[in-house]
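Asks: Before anything else, here's the structure in question.
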Amino acid sequence: MLVGLFTVSSLSLSAAQAGEHALLAPPTLAKTAPQFTKLTLKDCIDLALRNNHAQAASRYSIEIAAAQHRQALSAYWPQVGIKATYSILDEDPNFIFPGRDISLPPGMSIPVTIPGGITIPLTSLPVPEQNVKLMDRQNFVASLNATLPLYTGGKISSIVRQADQGLRAAKEESRRTDLQVTYDTTRYYYGAVLGKELLTIGRDTLARMEVTLELTENLYTKGSGRVKKTDYLRNKTMVEWLRSAVSSLEANEKLAKAALTNSMAIPWDTPIEVAAENLPFTPVRRDLHDLVSESYRFNPDWARMEAGLTAAEAKICEARSGHLPKVGLFGNLNRIENSYDKGIVTPENRNSWSIGIGLEIPLFDGLRTTNEVREAKARLAKLKEQQLLLREGLALQVKHLFIQLMKAQDQQTSTESAAISAEENRSLNERAYQEELVETKDVIEAQLMESLMKAQHLKTLYDHLEAQANLDFVVGNEVAALIKSTH
């Protein structure tokens, strides 16, 4: 019963966890599914990294961040644009030149004869009001404008730094996705190997129990009478229970393969077979403090936090730039098209250009910039506190996984020895039972104990592999090379 409970809890859990990632890596249905036989762990990881949609999404995140970085860099370049407008006014624009009198110099006068033959000397000339047309009401204006920032108080450089750290964070997120896919695939792969080995143990136990049942029946019907009918019924009950347990083990093996199939993002009905026949065991000899230190170097979450801190510092510089002046060059080239050639659209005025330097000095903005700086500083302080939490959390995670790894490593020797002893005990009891030297329940107990000890040993090996894979995920892929370098 313990064998059945263990397999249901461990392998069904893997299948359930695989379902959580179904939205990230939905398999593609196919009418004729290809077959994947003798897949190694590396083959499965390569397929998962190539097909998994979460990994593809993270690549697009990198493209987005790279495009944002290039957008920020564009602020260093001149901004050039063309603007054209065509307009029709309700009437021709005009200018009213007011009437006035032009005074003549002292001593000068102009004789003017009025009706009646009278001559009057004029000392000033009256000019009547004049209506001057400026241009035709239909007008087309085109202009070429260019600006180049010379000094922005560090605003552009700060935005570029933030975009650069955003790109770095996107790359770390992509690496974290790769680590997650690798970790999940590794667990499901060894889960499939575990399911296959447990099924083999279950079938072997059932076969031996069936042989024992035949022997019990012979001893009951033809023996000395020491074996009773209750012994036969007890043995038969155990055989039938084992048949049910083997059916559960077969289902668990299929669930483990289904979880692995989902992790590799291949069609759900694709037949797969893992190449590994046994769960490997490689002792890990690594100092806990070294692993914690390496996690601060390679963990993608830690790297993203550092990128966030750098971006937050740049955000403070961006906010402070609001207190500083801005200097820039500007220039424009204009062309006016109008059917009128007088007024303000003379040939000399149709083409014009200008170039200059502009200066903007902020004087008062209602303390908006000051509070933006305060906000940016508060965000930086918040991130620093979160970094402390992450630092302790990473150390705790690594320590927990290291303890689990060492526990499984220590248990491996004892469970292996127990499995060997249980196998010898079962063999001795079977031979003794043939000579009617032991009771039926002793043989049944010995056979079940052998299965239990072997299953417990396999669970220890799987726990060791799972803890090591989880440690790779938390610390980073680089830890695998670090561990191998110590052997």
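The values are calculated or read from the model by the stated rules, or taken from the named source; none is laboratory data. What you see is a predicted model, and the numbers here were worked out from it, not measured in a lab. Backbone-built Cβ (ideal geometry, glycine too); neighbour counts: all protein chains shown.
Asks: Looking at region 31-45, which of the residues that are outside any strand (DSSP E or B) and surrounded by 12 or more Cβ atoms within 10 Å (Cβ to Cβ) is modelled with the lowest pLDDT?
Replies: A33
Asks: Right, next: Taking L144 as the residue in question, decide whether it is closer than 30 Å to P325 by Cα and touching a Gly at 6+ places or on another chain (Cβ under 7 Å).
Replies: In short, no.
Asks: Restricting to region 338-371, name every residue that is surrounded by 14 or more Cβ atoms within 10 Å (Cβ to Cβ) and part of a strand (DSSP E or B).
Replies: N338
Asks: While we're here: Residue under question is A314, and the condition is that it be touching a residue at least 60 places away in the same chain (Cβ under 8 Å) and closer than 21 Å to Y151 by Cα; does it hold? Working first, answer last.
Replies: Details: touching a residue at least 60 places away in the same chain (Cβ under 8 Å): yes; closer than 21 Å to Y151 by Cα: yes.
So A314 fits the description; yes.
Asks: Go through A307, A319 for me and flag whichever is over 30 Å from A408 (Cα atoms) and either touching a residue at least 60 places away in the same chain (Cβ under 8 Å) or part of a loop (DSSP other than H, G, I, E, B) (or both). Break it down into steps so the answer makes sense when it comes.
Replies: Details: A319 fails: either touching a residue at least 60 places away in the same chain (Cβ under 8 Å) or part of a loop (DSSP other than H, G, I, E, B) (or both).
Going through A307, A319 in turn, the sole match is A307.
Asks: Just a yes or no: is a residue in region 402-414 polar (S, T, N, Q) and touching a Pro at 6+ places or on another chain (Cβ under 7 Å)?
Replies: Of the residues in region 402-414, the ones polar (S, T, N, Q) are 404, 409, 411-414.
This time we only want the ones that are touching a Pro at 6+ places or on another chain (Cβ under 7 Å), so: 409.
There is at least one residue in region 402-414 that is polar (S, T, N, Q) and touching a Pro at 6+ places or on another chain (Cβ under 7 Å).
Asks: Only one residue in A48, A56, A65 is under 26 Å from the mean Cα position of the chain (by Cα), assigned to a helix (DSSP H, G or I) and at pLDDT below 90. Which one?
Replies: A56
Asks: Now for a separate question. List every residue pair whose Cβ atoms sit under 7 Å apart, with the two residues 6 or more apart in sequence or on different chains, where the first one lies in region 197-215 and is on the phi < 0 side of the Ramachandran plot and the second, anywhere, is of a type in the set (V, I, T) and not in a helix (DSSP H, G or I).
Replies: Cβ pairs passing all conditions: none.
Asks: Any residue that is out of contact with any helix residue (DSSP H, G or I) (no Cβ under 8 Å at 6 or more places or on another chain), charged (D, E, K, R) and more than 27 Å from A163 (Cβ to Cβ) - is there at least one of those in region 318-338?
Replies: No; the residues of region 318-338 include none that is out of contact with any helix residue (DSSP H, G or I) (no Cβ under 8 Å at 6 or more places or on another chain), charged (D, E, K, R) and more than 27 Å from A163 (Cβ to Cβ).
Asks: A follow-up question, please. Identify, by number, the condition in (1) on the phi > 0 side of the Ramachandran plot; (2) assigned to a helix (DSSP H, G or I) that E436 doesn't meet.
Replies: Here E436 clears every test but (2).
Asks: To continue, here is another question. Could you check region 49-88 and list, in sequence order, the residues that are among the polar types (S, T, N, Q) and more than 30 Å from Y340 (Cα to Cα)?
Replies: Within region 49-88, N51, N52, Q55, S58, S61, Q68, Q71, S74, Q79 qualify.
Asks: Can you tell me which of (1) more than 50 Å from the chain's Cα centre (by Cα); (2) surrounded by 10 or more Cβ atoms within 10 Å (Cβ to Cβ); (3) not aromatic (F, W, Y) is the one T119 doesn't meet?
Replies: (2)
Asks: Could you check L309 against (1) at pLDDT 95 or above; (2) crowded, with 19+ Cβ neighbours inside 10 Å and say which number it fails?
Replies: It fails just one condition, (2).
Asks: Please find, among V181, V160, the residue that is surrounded by fewer than 22 Cβ atoms within 10 Å (Cβ to Cβ), part of a helix (DSSP H, G or I) and modelled with pLDDT of 90 or more. Walk me through it before giving the result.
Replies: On the way: V181 fails: surrounded by fewer than 22 Cβ atoms within 10 Å (Cβ to Cβ).
The match here is V160.
Asks: Could you list, ordered by first residue, the pairs with Cβ atoms under 6 Å in which the first is in region 373-384 and within 11 Å of G308 (Cα to Cα) and the second is of a type outside the set (F, W, Y) and part of a helix (DSSP H, G or I), at least 6 apart or interchain?
Replies: Cβ pairs passing all conditions: R379/A312; L380/A312; L383/G308; L383/L309; L383/A312.
Asks: On the given criteria, is R374 over 25 Å from A75 (Cα atoms), at pLDDT 95 or above, of a type outside the set (G, A, S) and surrounded by 11 or more Cβ atoms within 10 Å (Cβ to Cβ)?
Replies: yes
Asks: Name the residue, out of M135, M108, that is surrounded by 20 or more Cβ atoms within 10 Å (Cβ to Cβ) and outside any helix (DSSP H, G or I).
Replies: M135
Asks: Identify all residues within region 395-405 that are touching a residue at least 40 places away in the same chain (Cβ under 8 Å) and surrounded by fewer than 17 Cβ atoms within 10 Å (Cβ to Cβ); write none if there are none.
Replies: Residue satisfying the conditions is K399 alone.
Asks: Continuing with this model, one more query. Any idea which of (1) farther than 30 Å from D178 by Cβ; (2) modelled with pLDDT under 95 is the one A84 doesn't satisfy?
Replies: (2)
Asks: How about region 282-304: which of its residues are of a type in the set (D, E), more than 30 Å from E372 (Cβ to Cβ) and in a helix (DSSP H, G or I)?
Replies: Correct list: D290, E294.
Asks: While we're looking at this one, here's another question. Please specify each residue of region 261-281 satisfying the condition of being touching a Lys or Arg at 6+ places or on another chain (Cβ under 9 Å) and part of a helix (DSSP H, G or I).
Replies: Once the filter is applied, which keeps residues that are touching a Lys or Arg at 6+ places or on another chain (Cβ under 9 Å) and part of a helix (DSSP H, G or I), region 261-281 yields only S263.
Asks: Also, I was wondering about something else. Quick one: K454 ticks every box in (1) within 43 Å of the chain's Cα centre (by Cα); (2) surrounded by fewer than 19 Cβ atoms within 10 Å (Cβ to Cβ); (3) more than 20 Å from W302 (Cβ to Cβ) bar one, so which box is it?
Replies: All conditions are met except number (2).
Asks: Please verify whether region 292-299 includes one or more residues that are touching a Lys or Arg at 6+ places or on another chain (Cβ under 6 Å) and touching a residue at least 12 places away in the same chain (Cβ under 8 Å).
Replies: Taking every residue of region 292-299 in turn, none turns out to be touching a Lys or Arg at 6+ places or on another chain (Cβ under 6 Å) and touching a residue at least 12 places away in the same chain (Cβ under 8 Å).
Asks: On the basis of being within 30 Å of S143 (Cα to Cα) and either under 42 Å from the mean Cα position of the chain (by Cα) or not in a helix (DSSP H, G or I) (or both), does L329 make the cut? Before you say what the answer is, go through the steps one by one.
Replies: Details: within 30 Å of S143 (Cα to Cα): yes; either under 42 Å from the mean Cα position of the chain (by Cα) or not in a helix (DSSP H, G or I) (or both): yes.
In short, yes.
Asks: Looking at G308, G225, which is the one that is small (G, A, S) and more than 41 Å from the chain's Cα centre (by Cα)?
Replies: G225
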